[in-house]
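The values are calculated or read from the model by the stated rules, or taken from the named source; none is laboratory data. Remember, it's a predicted structure, so these values are computed and weren't measured experimentally. Here Cβ is always computed from backbone atoms with ideal geometry, including for glycine, and neighbour counts include all displayed protein chains. Please note that ligands, DNA and RNA were not included when accessible areas were found on the heavy atoms of the full protein model with its side chains. Shrake-Rupley method; radii C 1.70, N 1.55, O 1.52, S 1.80 Å.
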Amino acid sequence: MNRSLTSPNAALPRLGLPNLGLGVGLRAAHFSHILEHWPAVDWFEAISENFMDSQGRPRYVLDRIAERYPIVLHGVSLSIGSRDPLNLEYLRKLKKLADETAARWISDHLCWTGVAGRNTHDLLPIPLNEESLRHVVARIRAVQEILERPLVLENPSTYVTFADSTMSDWEFLTRMAEEADCGLLLDVNNVYVSSTNHDWDAAEYVRRVPHRRVVQFHLAGHTNCGTHLIDTHDGEVIDPVWALYRLAHELTGGASTLLEWDAKIPAFPVVHAEVLKAKRHMSAALPGFAASPQPRIQKPSTAPAAIPIAGLPLAAPSEAIGQPLHFVPPEVR
Amino acid sequence: MPQSSAQNDSAESQPGVNPRPLDLVERWMQSVITHPAGVAAGIASDAAQAAIPVSPDEVERVVTRSQALDSIERLGVYANAYYARLLECLRDVFPIVARTLGEELFDHFALGYLQKYPSQSYTLCELGARFAQFLDETRPTEPDAAAAEAGLSPDWPRFVVDLARLEWTVGQVYDGPGMENRQGVLADALAAIPPDRWLAARLQLAPCVRLLLFRYPVNDFYTKMRAIDRADDDDPIEDDLAIPRPEETYVALSRRDYVVRRYPLAKPQYALLAAFESGATVEAAIAAAAADCDLSDDELAVALHRWFADWTADQFFLSVAFD
Ligand SMILES: [Fe+2]
């Protein structure tokens with residue numbers, strides 16, 4: 001395997017990748033605004049699957065944006081944790097898109113999205129143990145070789161943990177990043193959501209990930225369902241998540257920071273203003289991270305998890321879907 | 001499989017020493033969270049039992065509980081999101097079918113569809129690919145008394161199939177190949193073809209041109225629904241969702257400047273373009289149009305001239321070939 005692709009930079013912070021500043025996730029709802037106003041955003045993150053097959057307006061818009069801004073590709077279908085074989089056609093298209101848009105790096109999630117040929121289109125957790133680690137590390141290495149660049153993997157929000165897990169999230173992320181020689185995308189909102197859902201200490205999580213491997217941060221809003229949090233990306237970043245971001249910024253020395261807003265998407269300036277709030281949390285004059293934030297969680301729930309109606313489950317309200325959809329509605333006359 | 005799940009399950013009292021194989025955990029979880037009747041039914045399903053034979057009471061041996069939620073409730077977060085997410089996607093791809101059917105009926109069809117044709121693609125863009133086909137396959141064929149009473153034609157479900165085909169094709173044209181960076185055949189180029197070669201010419205349609213034949217006037221219905229959607233709240237258009245009477249209609253879809261455009265066609269226009277689509281010569285295409293036409297030969301000649309002028313202006317033709 002071609003180790004020269006990543007190894008020389010592994011000793012550098014962020015694998016030697018640049019700190020792009022404060023970016024915004026590219027969403028179809030903002031295409032027209034961006035093309036008209038060319039807002040002063042540092043960079044954009046594009047959902048790979050929205051563009052890799054596009055021969056229409058989405059791809060046209062991405063190409064225009066890539067002419068003016070740094071682009072990072074963020075995927076949701078790599079399925080690095082799945083026991084199904086890697087999808088080589090997908091990887092070929094991903095590499096082509098990255099080459100054509102001069103993507104600064106490619107990221108996806110530490111998850112699986114389906115098995116036995118199916119795709120649930122969700123970011124599902126794996127048991128965190130030695131077998132999973134071996135499997136994921138081997139796949140990251142294979143992917144990095146195909147893509148000819150380091151892969152950056154994100155900690156997803158999770159809603160279950162497994163009896164077969166023998167490692168914490170941060171222990172798994174640390175060993176995975178070192179053994180596969182890959183980067184990390186630390187989603188501080190996901191740290192908060194998962195830590196709350198699993199009764200962990202979110203600040204401990206941030207303190208224990210390998211800081212030099214963190215290439216990028218994600219920020220987002222979530223939904224408090226009373227008994228658990230869901231990663232809905234539908235609102236402002238809450239203060240405890242900003243506190244985690246402040247801590248992560250201090251510990252890593254700073255990294256490219258991106259705001260995700262995927263449901264109830266407001267006008268572009270509102271989304272942009274939200275990520276600019278990060279500046280307040282980068283100042284050395286600010287007090288450091290004080291105490292672990294404790295979200296308000298009720299217990300236990302009285303509602304059953306799924307209410308079958310006429311043999312079919314009652315769909316959860318759309319505001320409670322984690323990992324929101326990325327679908328571009330057509331423009332038609 | 002490396003070992004039987006029963007063997008493996010007996011080792012579970014020592015997590016980490018001999019954890020379940022990852023593929024069994026994944027098969028189990030996928031079966032559980034995608035089961036249409038919910039998590040408990042998913043755990044009891046044959047597919048889940050074949051991977052990890054635990055009962056709903058024992059599920060903590062696979063998925064641990066939190067302080068606030070038990071294991072089944074936690075799996076339920078994924079189970080609820082699975083259908084909710086994909087239903088939302090189908091509603092985005094088929095917004096007018098969804099509005100026409102109403103939320104409950106649309107969701108009923110969409111849930112059936114997701115079970116029969118679960119996603120096997122890395123992209124959600126493919127999720128609705130077989131929805132119109134599914135609606136057609138499951139369409140009731142017996143006369144429906146309630147529909148008859150409501151003044152509907154007995155084959156009104158075909159209207160929904162047609163509408164789904166239209167909405168799906170709109171999306172395909174929107175994101176498929178187009179003519180934005182290419183020059184199609186110009187009117188001058190057609191005019192310059194010598195008459196003796198013209199009849200043997202074959203016109204290749206632009207890759208964004210799609211021809212659709214419907215049993216119902218769904219394009220007009222689509223226009224009306226979009227007008228309702230776009231109308232001012234202060235000046236709403238009356239919401240008339242009545243299903244129209246059956247009538248064979250023809251539509252071409254194309255794209256200009258990345259916007260999908262719809263062109264209602266007369267029957268001979270459709271016959272002409274469909275002949276080109278299947279590779280026919282101009283002579284054969286005109287014969288096909290004439291067969292479906294109540295115009296005189298002279299009138300048809302005038303009409304053809306106008307049609308070719310309009311279609312070349314709208315970049316309908318990618319190239320001209322001669323044998
Ligand atoms: Fe994220």
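In nanometres, what is the gap between the two model label sites at residue B:321 and residue A:267, each 7 Å from Cα along Cα-to-Cβ?
About 5.2 nm separates the two model spin labels.
Place a point 7 Å from the Cα of residue B:129 along the Cα-to-Cβ direction; which residues of region A:31-71 have their backbone N under 18 Å from it?
A:49-56
Over all pairs of distinct alpha carbons, what does the Kirkwood formula give as the hydrodynamic radius of the protein assembly as shown, in Å?
One decimal place: 27.2 Å for the Kirkwood radius.
Which order, highest average first, do A:256-263, A:52-59, A:17-24, A:105-112 follow once you tally other Cβ atoms within 10 Å for each residue and take the mean per peptide?
Output ranking for A:256-263, A:52-59, A:17-24, A:105-112: A:105-112, A:256-263, A:52-59, A:17-24.
Quick check: the distance between the Cα centres of region A:24-51 and region B:271-287, to the nearest angstrom?
43 Å
Modelled label-to-label distance, residue A:178 and residue B:187, 7 Å Cα→beta-carbon offset: nm?
7.3 nm
Could I have the simple spin-label model distance between residue B:298 and residue A:89, label points 7 Å from Cα toward Cβ, reported in nm to one decimal?
Result: 5.6 nm between the two label points.
Excluding same-chain residues fewer than 8 positions from residue B:224, which aspartates and glutamates have a Cα within less than 12 Å of its Cα?
B:238, B:239, B:240
Percent antiparallel among DSSP beta bridges with both residues in the protein assembly as shown, to the nearest 5? Spell out each step's value before the answer.
Numbers: 23 of 52 bridges.
That works out to approximately 45 percent antiparallel.
Tell me, what is the Rg over Rh of region A:50-153, with Rh the Kirkwood radius over Cα pairs?
Details: Rg = 14.4 Å, Rh = 14.5 Å.
Computed over Cα atoms, the ratio is 0.99.
Please compute, over every Cα-Cα pair in region A:178-237, the percentage with a separation greater than 14 angstrom.
Tail of the P(r) past 14 Å holds 59 percent of the pairs.
Other chains near A:52-62: what is the mean number of their Cβ atoms within 10 Å of each residue's Cβ?
The per-residue average across the peptide is 5.
Might you report the magnitude of the Cβ-based charge dipole of region B:243-310 about its Cα centre, with Lys and Arg at +1 and Asp and Glu at -1, to the nearest 20 debye? Intermediate values should be presented prior to the final figure.
On the way: 7 positive and 11 negative charges, 102 e Å.
Computed charge dipole of region B:243-310: roughly 480 debye.
Cross-link partners among lysines for residue A:277, C-alpha distance below 26 Å, same-chain residues fewer than 8 apart left out?
Within the straight-line cut-off, residue A:277 pairs with A:264.
Apply 1/(1 + (r/R0)^6) to the Cβ-Cβ distance of residue A:201 and residue B:245, taking R0 = 45 Å, and write down the FRET efficiency to the nearest 0.05.
Calculated value: 0.10.
Sort B:104, A:331, B:180, B:26 from largest to smallest accessible area, using a 1.4 Å probe on the heavy atoms of the protein chains.
Numbers: B:104 165, A:331 70, B:180 50, B:26 0 Å².
Descending order: B:104, A:331, B:180, B:26.
What's the total accessible area buried between chains B and A, using a 1.4 Å probe, rounded to the nearest 100 Å²?
Roughly 6700 Å² of accessible surface disappears when B and A pair.
Using alpha carbons only, how many degrees (0 to 90, rounded to 10) separate the axis of helix B:103-116 from the longest principal axis of chain B?
With both axes taken from Cα atoms, the answer is about 80 degrees.
Cross-link partners among aspartates and glutamates for residue A:93, C-alpha distance below 14 Å, same-chain residues fewer than 8 apart left out?
Within the straight-line cut-off, residue A:93 pairs with A:49, A:53, A:148.
Add -39500 (n - 2.57) for each DSSP H run of 4 or more in chain B, then divide by its residues: what number comes out at 222 nm, to the nearest 500 deg cm²/dmol?
-15000 deg cm²/dmol
For the protein assembly as shown, what % of the accessible area comes from carbon and sulfur atoms, probe 1.4 Å?
About 51 percent, which is the carbon plus sulfur part of the accessible surface.
Order the following by accessible area, largest value first: B:85, A:280. Probe radius 1.4 Å; ligands, DNA and RNA are ignored.
A:280, B:85
Given the peptides B:155-167, B:279-291, arrange them by the average over their residues of other C-beta atoms within 10 Å, most packed first.
B:155-167, B:279-291
Could you pull the Cα extents of region A:102-215 along its three principal axes, largest to smallest, in whole Å?
Principal extents (Cα only, largest first): 38, 36, 25 Å.
What's the angle, to the nearest 10 degrees (0 to 90), between helix B:218-230's Cα axis and the longest principal axis of chain B?
Between helix and principal axis, roughly 70 degrees.
Can you tell me the dipole magnitude for the protein assembly as shown around its Cα centre, using point charges on the Cβ only (Lys, Arg +1; Asp, Glu -1), in Debye to the nearest 20?
Computed about the Cα centre, the dipole is about 1980 debye.
Give the residues of region B:287-322 whose amide nitrogen is closer than 11 Å to a point set 7 Å from the Cα of residue B:200 in the direction of its Cβ.
B:322
In whole Å, how far is the Cα centre of region B:294-323 from that of region A:151-226?
Between the Cα centres of region B:294-323 and region A:151-226 lies a distance of 62 Å.
Counting only other chains, what is the mean number of Cβ atoms within 10 angstrom of the Cβ of each residue in peptide B:163-176? Can you show the working numbers first?
Working: counts 0, 0, 0, 0, 2, 0, 0, 4, 6, 2, 3, 10, 11, 4.
Partner-chain Cβ atoms within 10 Å, mean over residues of B:163-176: 3.
Can you pull the semi-axes for region B:33-117, root of five times each eigenvalue of the Cα gyration tensor, sorted largest first, whole Å? Please report the intermediate quantities before stating the final value.
Numbers: eigenvalues 184, 41, 15 Å².
Those come to 30, 14, 9 Å.
For chain B, what is one quarter of the convex hull surface built on the Cα atoms, given in nm²?
Numbers: hull surface 103.8 nm².
Its average projected convex-hull area is 26.0 nm².
Taking each residue in B:33-42, count the Cβ atoms of any other chain within 10 Å of its Cβ, then average. What number comes out?
Average neighbour count from other chains, rounded to a whole number: 5.
Could you work out how far the C-alpha centroid of region A:57-112 sits from that of region B:46-79, in angstrom?
With region A:57-112 and region B:46-79 each reduced to a Cα centre, they are spaced 33 Å.
Roughly how compact is region B:214-323, stated as its Cα Rg over 2.2 N^0.38 Å to two decimals?
Against the compact-globule rule of thumb, the ratio is 1.32.
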